[in-house]
1. Considering only residues of the range 8-32 that are over 17 Å from the mean Cα position of the chain (by Cα) and among the small types (Gly, Ala, Ser), which is surrounded by the most Cβ atoms within 10 Å (Cβ to Cβ)?
2. Quick test of your reading of the structure: Ala254 fulfils all but one of (1) within 16 Å of the ligand (Cβ to nearest atom); (2) outside any loop (DSSP other than H, G, I, E, B); (3) over 29 Å from Val180 (Cβ atoms). Name the failing condition by number.
3. Anything in the range 155-173 that is crowded, with 24+ Cβ neighbours inside 10 Å and among the hydrophobic types (A, V, I, L, M, F, W, C)? List them, or say none.
4. Test Leu287 against the criterion of being crowded, with 20+ Cβ neighbours inside 10 Å, in a helix (DSSP H, G or I) and within 16 Å of the ligand (Cβ to nearest atom), and give yes or no.
5. Condition (residue is away from the ligand (no atom under 14 Å from the Cβ), among the basic types (Lys, Arg) and within 19 Å of Arg28 (Cβ to Cβ)) applied to the range 223-240: is it met by at least one residue?
6. Looking at Gly292 and the list (1) out of contact with any Ser or Thr (no Cβ under 9 Å at 6 or more places or on another chain); (2) within 14 Å of the ligand (Cβ to nearest atom); (3) on the phi > 0 side of the Ramachandran plot, which single condition is not satisfied?
7. Thr194: within 16 Å of the ligand (Cβ to nearest atom), without any contact (Cβ under 8 Å) to a residue 60 or more places away in the chain and surrounded by fewer than 21 Cβ atoms within 10 Å (Cβ to Cβ), yes or no?
8. For the condition over 24 Å from Met133 (Cα atoms), within 17 Å of the chain's Cα centre (by Cα) and without any contact (Cβ under 8 Å) to a residue 60 or more places away in the chain, what is the one hit in Ala232, Ala268, Ala308, Ala276?
Amino acid sequence: MPILLSHPASLEHDPRRFIPGHPDTPERIVAIEAALAERDWLGWERRQAPAASEGWVEAVHSERLLREVRQLCEAGGGLIDPDTAVVPESLRAARHAAGGACELARALLAGEHEVGLSACRPSGHHAEPDRAMGFCLFGNVAIAAALARRELGAERVLILDWDVHHGNGTEACFVNRPDVLVVSIHQMPLYPGTGAASERGTGAGEGFTVNLPVPPGSGEAEWLGLIDEVVAPTAERYDPDLVLVSAGFDAHRADPLAGCELETASFAAMARRVRAIARDAGAPLGLVLEGGYHVPSLVESLIATMEAVAE
Ligand SMILES: [Zn+2]
């Protein structure tokens, strides 16, 4: 039975208090949970996401970043950048979002589950070691991958980021490390502007960053083609002990923030392939929620993904 991590603190982080009309709303999670509750949670085991300790957060982030977020929350909240705001409750939400990804990695590597999802907010893949940005405070997937390496016995972790935006934060956390392979499929040009195919990692990490930009208008043929022709053989060579997916759903054709053309069923098709990639490597598969801003499409696509990975 797969595992689902969530936490009510995800509903308390609302950037609209400082940025009216902000697309990352608590209603995203409310809608996901209502749809899952209607479907009896698809039979998944539910667990509350623990709060990540400061030590976990500092596995990839600077103490300065943690202090900046804490101080801004304690001061009543405010802007971190023009797209990113915190309210007093945001530190708590971010610690549980990171902790959900960490608990997911722990449960998977302990052999308690083969598949799972952490569905918390705020998302994390834009958060760099020393900088929160792009709706993201802490790098949830990156923290979980670092913890998997440091404390949970994994030797090689594969992160596939299929959010439509480049996972610059995750990349920055592991750019010079071969023990976490970061593969990102994303639209280019698009925020944050990084993620060219020529970015391949540095030093000992050279070749362990794989960027697969696609042009606006790309649909299922392009995205599935990259999974089959690049991600699957790369994963087979790498032989990971754990596969984590930065699962954003903003490459959906209905999403207002980007111009890709995936359908709801395209996410199920990607998820089925990624499940097969993990299974072939003998590795468990953990999904961590990132973006997705057209709420009905987000809900449908996430549920289709959950059903596909549980097959
Ligand atoms: Zn995104």
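1. Among those residues, the one meeting the criterion is Ala9.
2. All conditions are met except number (2).
3. Val157, Leu158, Ile159, Leu160, Trp162, Val164, Cys173
4. no
5. no
6. Unmet for Gly292, out of (1) out of contact with any Ser or Thr (no Cβ under 9 Å at 6 or more places or on another chain); (2) within 14 Å of the ligand (Cβ to nearest atom); (3) on the phi > 0 side of the Ramachandran plot: (1).
7. Criteria met by Thr194.
8. It is Ala268.
Each value in this text was obtained by applying a stated rule to the coordinates, not by laboratory testing. Since the structure is predicted, the reported quantities are computational estimates derived from the model, not experimental observations. With ideal geometry, Cβ positions are generated from the backbone for all residues, glycine too; neighbour counts draw on all protein chains shown.
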